[in-house]
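Chemist: Can you keep this structure in mind? I'll have questions shortly.
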Amino acid sequence: MANEVKIYDPRYLAEVVRQAPPVHTFMRDTFFTNRKTYPTEWVDIDMLKGDRRMAPFVNPRAGGKNLPGAGYETKSWKAPLVNPSDVTYADQLMKRMPGETLYGGMTPAQRAAKKLMEDYQRINDAVTRREEWMCARAMVDGKIIVKGEGVYAEIDFLHTNRVKLAAAKQWGKSGVKILDDLDAWEEMVRVNGFANVDMAIMGKTALKKFLEDEKVQKALDNRRIEMGLIHPKDLPNGVKYIGHLNSPNLDIYTYSEVFLDDWTDPENPTIQPLVPGNVVMLASSSANYVMAHGQCSYIDEAENWVTAETERLMRSYVLRNPDRRMLEVQSRPLPIPDKVDSWFVAEVCDEDAA
C-alpha cells in the first residue's frame, strides 16, 4: 500500500522521536576540574613530587644543614586535534525537517538556522564524548593512545601505582581477602602518591566479585542510601553508588558509560565500557587534575590566519558547486593527571570472568 497523504483529512504530527544516547562526563567533571587553555598547540606541565625527609638535628654551633629540594620535571605534550564536521546541501533545506508539520510554512532560511543548531549540538556532543574517553584512558590505562587516519601518538603519564593480580590472587578465588587488597592499595597511594583516596570505581565484573564476598557483605555500610529500602542508588552522569566501607574509608561506585570502538575493526564496531569490567580504580574526589586545551587555528574568508585560545571553536562557511554549508568544531583537549601516582588501578580478575 502506497504511503499516501490525504490533504483534506485532518492531520496531527506527534512530537518527533529522537533517540540519542546521553552524554556522561563523570571522569572529566570529577577528577579533571582544573581547566586551562593554552595559546599554543604544546602543553607544558611541571611535575613536582616531594619526599618525606625530616629536618635534621644539628649542633647549635655548627649552623644549619642544607636540605636540597626534590626538584621537578617539565613534561611537554602536543594536544591532539579533535575536529568533527558536517555538511548541509541546499536541496536538503527544501524538504520538511523532522518535527515540522506538513504545512508548517518554514522557509529554507529558517530550516537552515534550526539545522545549524541541531548539527552543532550533535558534533559538540561527539567532542565531549572524546574528552571523557581521554580522561578515562589517562587514569585507567595511565596513557592516552591518539589514533586516527594518518595520526598516531602515545601520551604516557608514567603511572606506576598499578597491579595485575596473579591468577591465584584474583578476586573470587578461595582464600582471597578483598578488603586487605583495598587497604594495601589505599596505603600505597598515601605513601607513594601523597594522596588520600576516598573513592573506589569498579568495573562490572569486579563489582560482582566484590559484592559476592562474605566479608565485604558484612563490612559494606549501605545506610547512606537508605530510601525506604536499602539498595544501590543511581546518581547523575551515569554513575551508581553502591555503598561505603569504613576500613578502608572508601565510597564504592560503578560507572556504566560505554563508547563505540570503531577503530579496532571499522567494519564491525563494538560497544566497549570506559572502565573495563575487571578493573578497580582508587582515586580522590578532590584530585583537581588539569583539563588542558591547546590553541585552535584556521584561515578566515580574508585568507588570514586566525588563532583562538579556547576550549571549543565552532566554524561555519560556504562552499560552491554544489552549494553547501560546512560546519565544524575544533578542539585540542588533553587531560593531564599532574599529581604523580595519586591514584591506583588494579586488574582484579579476568575481563570475561563470570
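Chemist: Given the conditions (1) among the β-branched types (Val, Ile, Thr); (2) more than 14 Å from the chain's Cα centre (by Cα); (3) not in a loop (DSSP other than H, G, I, E, B), report the number of the one that VAL127 does not fulfil.
Modeler: Result: VAL127 fails condition (2) only.
Chemist: Within the stretch 169-200, can you find the residues that are open to solvent by 70 Å² or more (accessible area, probe 1.4 Å) and closer than 15 Å to ASN278 by Cα?
Modeler: LYS169, LYS173, listed by residue number.
Chemist: If you don't mind, there's one more thing I want to ask. If we scan the stretch 271-280, do we find a residue that is over 20 Å from TRP171 (Cα atoms), over 19 Å from the mean Cα position of the chain (by Cα), assigned to a loop (DSSP other than H, G, I, E, B) and in contact (Cβ under 8 Å) with a residue 12 or more places away in the chain?
Modeler: Within the stretch 271-280, none of the residues are over 20 Å from TRP171 (Cα atoms), over 19 Å from the mean Cα position of the chain (by Cα), assigned to a loop (DSSP other than H, G, I, E, B) and in contact (Cβ under 8 Å) with a residue 12 or more places away in the chain.
Chemist: Report the residue count in the stretch 177-204 for those that are within 19 Å of ILE252 (Cα to Cα) and part of a loop (DSSP other than H, G, I, E, B). Break it down stepwise before answering.
Modeler: Start the filter on the stretch 177-204 by keeping residues that are within 19 Å of ILE252 (Cα to Cα), which leaves 177-190, 195-204.
Remaining after also requiring part of a loop (DSSP other than H, G, I, E, B): 177, 195-198, 203.
Of the residues in the stretch 177-204, 6 are within 19 Å of ILE252 (Cα to Cα) and part of a loop (DSSP other than H, G, I, E, B).
Chemist: Right, another one. Would you confirm whether or not the stretch 86-103 contains a residue that is modelled with pLDDT of 75 or more, in a loop (DSSP other than H, G, I, E, B) and over 24 Å from the mean Cα position of the chain (by Cα)?
Modeler: At the first step, the residues of the stretch 86-103 found to be modelled with pLDDT of 75 or more are 86-87.
With in a loop (DSSP other than H, G, I, E, B) added as a condition, the list becomes none.
No, the stretch 86-103 contains no residue that is modelled with pLDDT of 75 or more, in a loop (DSSP other than H, G, I, E, B) and over 24 Å from the mean Cα position of the chain (by Cα).
Chemist: Can you name every residue in the stretch 281-308 that is open to solvent by less than 60 Å² (accessible area, probe 1.4 Å) and part of a strand (DSSP E or B)?
Modeler: If the condition is that a residue be open to solvent by less than 60 Å² (accessible area, probe 1.4 Å) and part of a strand (DSSP E or B), then MET281, LEU282, ALA283, VAL290, MET291, ALA292, HIS293, CYS296, SER297, TYR298, VAL306, ALA308 are the ones that fit.
Chemist: Of all the residues that make up the stretch 37-73, how many are part of a strand (DSSP E or B), modelled with pLDDT of 80 or more and open to solvent by less than 90 Å² (accessible area, probe 1.4 Å)? Break it down into steps so the answer makes sense when it comes.
Modeler: Pass one, the stretch 37-73, residues part of a strand (DSSP E or B): 37, 42-48, 72-73.
With the extra rule that they be modelled with pLDDT of 80 or more, the set shrinks to 37, 42-44.
Those still in the list that are open to solvent by less than 90 Å² (accessible area, probe 1.4 Å) too: 37, 43-44.
Residues meeting the conditions: 3.
Chemist: Can you name the residue in the stretch 126-168 that is buried (at least 16 other Cβ atoms within 10 Å of the Cβ) and out of contact with any strand residue (DSSP E or B) (no Cβ under 7 Å at 6 or more places or on another chain) and is also farthest from ILE45 (Cα to Cα) among such residues?
Modeler: Among them, the one singled out is THR128.
Chemist: Show the residue pairs that are 6+ apart or on different chains and have beta-carbon atoms under 9 Å apart, the first residue being within the stretch 50-67 and under 18 Å from GLY193 (Cα atoms), the second being of a type outside the set (Phe, Trp, Tyr).
Modeler: GLY50/GLY69; GLY50/ALA70; ASP51/ALA70; ARG52/VAL191; ARG53/LEU67; ARG53/ALA70
Chemist: Report every pair of residues separated by at least 6 positions or lying on different chains whose Cβ atoms are under 9 Å apart, first residue within the stretch 257-270 and in a strand (DSSP E or B), second surrounded by 11 or more Cβ atoms within 10 Å (Cβ to Cβ) and among the β-branched types (Val, Ile, Thr).
Modeler: LEU260/THR270; ASP261/THR270
The values are calculated or read from the model by the stated rules, or taken from the named source; none is laboratory data. Quick caveat, the model's predicted, so the values are computed rather than measured. Glycine gets a Cβ as well: all are built from the backbone with ideal geometry, and neighbour counts include every protein chain shown. Quick note on the areas: whole protein, heavy atoms, side chains included, nothing else; ligands and nucleic acids left out. Shrake-Rupley method; radii C 1.70, N 1.55, O 1.52, S 1.80 Å.
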